[in-house]
Amino acid sequence: MKTWWRDRVAYQIYPRSFQDTDGNGIGDLRGIIKRLPYLKELGIGILWLSPVYRSPNDDNGYDISDYRSIHPDFGTMAEMDKLLELAAKLDIKVIMDLVINHTSDEHEWFQQSRDPESPYRDYYIWRPGNNGKKPNNWTSFFAEDCWEYDDRSGEYFLHLFSKKQPDLNYRNPKVIEEIKDIMRFWLEKGVSGFRCDVINVIFKDSLEDGRKRLILTGQEHYVTCEGTHTILRELRRDVLSQFDCFTVGETVMVTPKTAFDLSDPSRGELDMLFSFEHMDTDAIIVKWFKKRFTSQKFCEVIAKWQTAIDWNANYFENHDQPRSVSRFGDDKNFHDESAKMLCVLLLSLRGTPFIYQGQEIGMTNFDYTSMDQIRDIESLNVYRLATRLCFPKSYRWKMILRSGRDNARTPMQWNAGKNAGFTAGTPWLGVNGNHQQINVEVQEKDPSSILSFYKKMIRFRNYNDLLKSGGFRSVAISSGLFVFERYSEKDKITVVINFSGKSSRYDASGKLLLSTYARNDYDGTLQPYEAVLLSGRNEA
Ligand code: ISL
């Protein structure tokens with residue numbers, strides 16, 4: 001079967017924040033339909049939609065209460081069908097977010113499951129207390145513990161995320177059959193695959209106490225267990241192999257070794273993964289305590305993964321992470337330059353590149369000034385915990401400012417008008433004040449804008465076999481410099497990146513293919529945050 005997912009550039013839409021058309025302040029499917037030509041023009045070949053299913057929105061749709069219906073905020077199933085039809089006409093493949101570690105507590109299965117006699121009881125992980133204490137000492141991803149007592153049941157249920165996100169029980173074969181049916185439902189509708197949410201934690205090996213840790217006590221009992229590998233192979237065998245589709249797994253706490261096993265084509269589990277090590281290089285143990293970003297560490301980790309894994313999903317942003325230009329670039333002094341440099345880096349690596357909405361215009365972290373502007377459950381929980389731990393107020397705010405997930409969730413900046421052209425109503429989350437300068441409309445008219453550069457770079461990649469499928473070889477990594485090559489037997493492209501705000505030098509030969517600055521040839525000098533692509537013969 002043709003692996004088309006290796007040849008295309010992917011784009012993630014966070015539907016709530018993309019484009020509203022009915023004035024309720026929440027983005028919708030009609031908004032996505034309206035913007036399909038924009039995505040086509042950008043050169044996108046795959047669209048990943050964050051969840052649009054029915055959900056009480058405790059975690060913005062990552063808590064699903066019905067896997068087969070569309071949340072009315074987003075529109076209707078007929079609109080979803082329309083979106084799939086129109087995307088197919090433009091040769092854009094659509095993948096859905098498959099959130100199957102947990103459901104919403106408002107899902108019918110969970111409601112039934114609260115009755116100890118129900119056939120759904122075993123769909124979730126219920127345990128009695130342990131001498132008046134919770135069943136074990138695990139802690140959740142959202143800064144709380146992960147057992148909730150249910151009066152009606154007289155027992156606790158497990159939730160690795162919020163208490164409105166109970167974990168499914170993957171020791172129950174019926175659960176796996178339900179999931180297969182859901183996958184078939186969407187694949188038969190014409191979706192081209194799934195982004196599989198926290199897929200490597202679905203199977204819990206045991207419910208023993210975990211080794212005490214600062215975060216995620218208990219993780220050794222559920223991260224990438226053999227049981228997960230087995231389920232992934234079963235889903236491939238019984239469902240995925242019957243469709244022309246692919247999967248990208250969001251895999252937390254993976255190492256190159258476990259990632260290799262999860263994505264090795266001969267094992268038939270996932271087609272590619274989102275790993276996190278590069279995103280953790282500016283964190284001290286947890287993302288909430290940031291250290292100074294150094295490009296050297298970041299690039300070393302990228303190079304390590306490029307070499308360890310044959311094919312990965314590459315990304316610098318998503319709906320859970322701060323904006324890359326604010327985090328890895330310099331959004332004050334070299335906004336455009338560093339955004340373009342990050343574009344070259346992302347699109348020159350081996351693997352499928354994923355661009356997150358707004359990244360292509362250099363959207364920055366939010367400009368909020370207080371906690372009442374924050375909506376994200378994780379940030380709200382962490383702030384509450386930090387208050388309990390007596391962290392000073394200014395420090396707590398700094399944590400949210402640097403690491404909060406709402407940084408990436410502010411509405412898409414379409415134009416300089418009211419609410420950035422996102423909605424005619426009141427946006428569910430505040431719009432960044434810089435939309436007057438940073439927006440699609442302005443950048444579409446400017447041939448030297450970040451958006452114009454993205455178009456150029458994506459087109460370049462779409463038509464270049466070396467960038468799409470050539471090998472990867474790291475040549476030099478030092479403070480502020482990253483040089484690597486993409487090669488075939490005969491030819492190569494050398495990618496030279498000045499990852500700093502100072503001019504720099506690097507001697508390399510080859511014909512200039514592309515630069516983030518206007519120049520005609522390469523003389524070994526690099527402007528601040530400049531990235532160049534040079535072509536040559538592969539003599540190594
Ligand atoms: O957001 C994070 C960064 O701190 C992660 O801990 C995140 O919770 C983790 O990567 C899992 O993310 C996915 O599953 C969550 C959901 O809240 C995220 O939005 C989703 O991407 C639970 O479904």
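Key figures for this structure:
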{"read-out": "Compactness index (Cα Rg / 2.2 N^0.38 Å), the range 81-205", "value": "1.24"}
{"read-out": "Projected-area average for the range 179-232 over all orientations - Cα convex hull basis, square nanometres", "value": "4.6"}
{"read-out": "Bins of 10 Å, starting at 0 and running to the largest distance - Cα pair percent for the range 447-540", "value": "16, 49, 33, 2"}
{"read-out": "Equivalent ellipsoid semi-axes - Cα gyration tensor, the range 374-414, angstrom", "value": "23, 10, 6"}
{"read-out": "Cα gyration tensor shape for the range 269-428, rounded if a/c is under 1.5, else prolate or oblate", "value": "oblate"}
{"read-out": "Dipole in debye (nearest 20) - the chain, about Cα centre, beta carbon charges: Lys, Arg +1; Asp, Glu -1", "value": "1400"}
{"read-out": "When each of Lys304/Lys490; Lys297/Lys393; Lys257/Lys290; Lys93/Lys455 is checked by Cα-Cα distance, pairs over 20 Å", "value": "Lys304/Lys490; Lys297/Lys393; Lys257/Lys290"}
{"read-out": "Shape of the range 196-303, Cα gyration tensor, a/c cut at 1.5", "value": "oblate"}
{"read-out": "Cα convex hull volume per residue for the range 43-117 (Å³)", "value": "100"}
{"read-out": "Dipole magnitude of the range 299-373 about its Cα centre (Cβ charges: Lys, Arg +1; Asp, Glu -1), debye to nearest 20", "value": "260"}
{"read-out": "Global size of the range 241-316 as Cα Rg and Dmax, reported in angstrom", "value": "13.9, 47"}
{"read-out": "Equivalent ellipsoid, the chain (semi-axes from 5 times Cα gyration tensor eigenvalues, Å)", "value": "38, 25, 25"}
{"read-out": "Fraction of alpha-carbon pairs over 23 Å apart in the range 133-213 - percent", "value": "34"}
{"read-out": "Test item: Cα-centred dipole of the range 315-359, Lys/Arg +1 and Asp/Glu -1 on Cβ, debye", "value": "120"}
{"read-out": "Stokes-Einstein D for the range 1-146, Kirkwood Rh over Cα pairs, 20 °C, 1.002 mPa s (µm²/s)", "value": "122"}
{"read-out": "Shape category assigned to the range 279-353 from the gyration tensor of Cα positions, a/c cut at 1.5", "value": "oblate"}
{"read-out": "Positive-end extreme of charge dipole, the chain - chosen from His102, Gly27, Tyr522 (charges on Cβ)", "value": "Tyr522"}
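Throughout, read-outs are computed from the coordinates displayed, never taken from laboratory work. Predicted, not measured: the structure shown is a model, and the values here were computed from it. Don't worry about glycine lacking a Cβ; one is built from the backbone with ideal geometry, like all the others, and counts go over all protein chains shown.
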